[in-house]
Amino acid sequence: MTALQAPPAAPELLAHCAGLVRPALRQAVGRLHPWLGEMAAYSFGWCEVGGAPATASGGKGVRQALAVLGARAAGADEHAGIPAAVAVELVHAFSLLHDDIMDGDATRRRRPAVWKAYGTGPAVLAGDALFALAVETLAAVPQGAGAVRLLSAALADLMRGQADDLLFTGRPCTGPDRVTVEEYRSMAEAKTGALLGCAAALGALLGGADEDTTSALDRAGRHLGIAFQLVDDVLGIWGDPAVTGKPTGGDLRERKKTYPVLAALDSPAGRALPELLDSPGRSEEAAELIEAAGGRTAALAEARTHTSTARALLSRAPLAAGAAGDLLTVLDFLVGRDL
């Protein structure tokens, strides 16, 4: 067991929150055009192409759990966070549909990605429909104006982070134009942390929390997102495909500037890495060099730093009794998965 492994309570907690949210999420998806609804249901693992029922994995459900727990952290009944949970789950699904297209990823959770199953145009349209449905869901709640503003700000960050991530691929590995670790942190906070922070903050907002509480949850979620992205980077190079659902070394073949790569490039032991990254078929050698140069160790150490910061923010926030512990359980699960 590593220092980042998840506590046993995490799966039960996530399953509990998913059970609360799933009926409302299905109801929301049911309001879509039938074809768009089928693609959305496929992305959640509810059906096969053509609409036949399925029980495929629909993901970990961390964002919806954070929304439910955010409401509890505000001292409200956990059901108060369900509209926030539905909205962030819809936005997350929208981002994955588009992300797979941009990255050219043909599989998602060990099934063909939506764009491979239905076509690129339909997948883009389904993603747009999920985004619109998320806004509609929040606009209908009493705190709708504030909730939509919070979601819109997170979406703006998410798009900025996604743009940076795409641009990083084309930048050189060395020289003055190389990607720095500081730029990476900013990208990861925007691309991954913004929606995690928004999930917890939205749930708290709908639960009646004050601005200090929602702000603390948002900031904790952003640090959690950086830690999550760092762990995702490690899994993208060394993860087991049977667990991650993606081929080993995919990030290296796409020449992504992930944290292990950046850390290795900053090490004298990583001088040969640019040549390996530019050579098709040498991703296994590149992974070995990155590990030898300390890239994997550096990424996990950085993840622990941001996890500690998130913990400190939660410990200082005025949260309802028991809520902080459940939030920490989700935090530990998210950064400890499959390492």
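Throughout, read-outs are computed from the coordinates displayed, never taken from laboratory work. Small disclaimer: the values here were computed from a predicted structure and weren't measured. Using ideal geometry, Cβ is built from the backbone for each residue, glycine included, and neighbour counts are taken over all protein chains shown.
Some notes on this structure:
- Meets criteria (out of contact with any Leu (no Cβ under 6 Å at 6 or more places or on another chain), basic (Lys, Arg), surrounded by 16 or more Cβ atoms within 10 Å (Cβ to Cβ) and in a helix (DSSP H, G or I)) for residue 304: no
- Hits in region 200-236 (condition: closer than 17 Å to residue 332 by Cβ and of a type in the set (A, V, I, L, M, F, W, C)): 200, 217, 220, 224, 226, 227, 228, 230, 231, 234, 235
- Residue ID - surrounded by the fewest Cβ atoms within 10 Å (Cβ to Cβ), chosen from residues in region 156-212 that are part of a helix (DSSP H, G or I) and of a type in the set (Ser, Thr, Tyr): 169
- Any hit, region 213-235, residues being farther than 30 Å from residue 74 by Cα, outside any helix (DSSP H, G or I), among the charged types (D, E, K, R) and in contact (Cβ under 8 Å) with a residue 60 or more places away in the chain: no
- Of the listed requirements (1) more than 19 Å from residue 191 (Cα to Cα); (2) within 20 Å of the chain's Cα centre (by Cα), residue 230 misses just one: (1).
- Within region 46-62, tally of residues that are among the hydrophobic types (A, V, I, L, M, F, W, C), under 18 Å from residue 116 (Cα atoms) and touching a residue at least 24 places away in the same chain (Cβ under 8 Å): 2
- When region 269-301 is limited to residues that are of a type in the set (S, T, N, Q) and part of a helix (DSSP H, G or I), the one that is farthest from residue 229 (Cα to Cα) turns out to be 283.
- Restricting region 16-33 to residues that are in a helix (DSSP H, G or I) and free of Cβ contacts under 8 Å to residues at least 12 places away in the same chain, the residue that is farthest from residue 81 (Cα to Cα): 27
- Of all residues in region 99-136 being of a type in the set (Asp, Glu) and within 27 Å of residue 147 (Cβ to Cβ), the one that is farthest from the chain's Cα centre (by Cα): 136
- Among the residues making up region 161-185, a single one is within 30 Å of residue 137 (Cβ to Cβ), of a type in the set (D, E, K, R) and under 15 Å from the mean Cα position of the chain (by Cα): 165.
- Some residue of region 305-318 being under 21 Å from the mean Cα position of the chain (by Cα), free of Cβ contacts under 8 Å to residues at least 60 places away in the same chain and more than 30 Å from residue 81 (Cα to Cα): no
- Among the residues of this structure, residue 117 does not count as one that is without any contact (Cβ under 8 Å) to a residue 40 or more places away in the chain, among the hydrophobic types (A, V, I, L, M, F, W, C) and surrounded by fewer than 22 Cβ atoms within 10 Å (Cβ to Cβ).
- Considering (1) free of Cβ contacts under 8 Å to residues at least 60 places away in the same chain; (2) crowded, with 19+ Cβ neighbours inside 10 Å; (3) in contact with a strand residue (DSSP E or B) (Cβ under 8 Å, 6 or more places away or on another chain), the lone condition that residue 43 does not fulfil carries the number (1).
- Reported count of residues in region 128-155, each being in a helix (DSSP H, G or I) and either of a type in the set (A, V, I, L, M) or buried (at least 21 other Cβ atoms within 10 Å of the Cβ) (or both), is 17.
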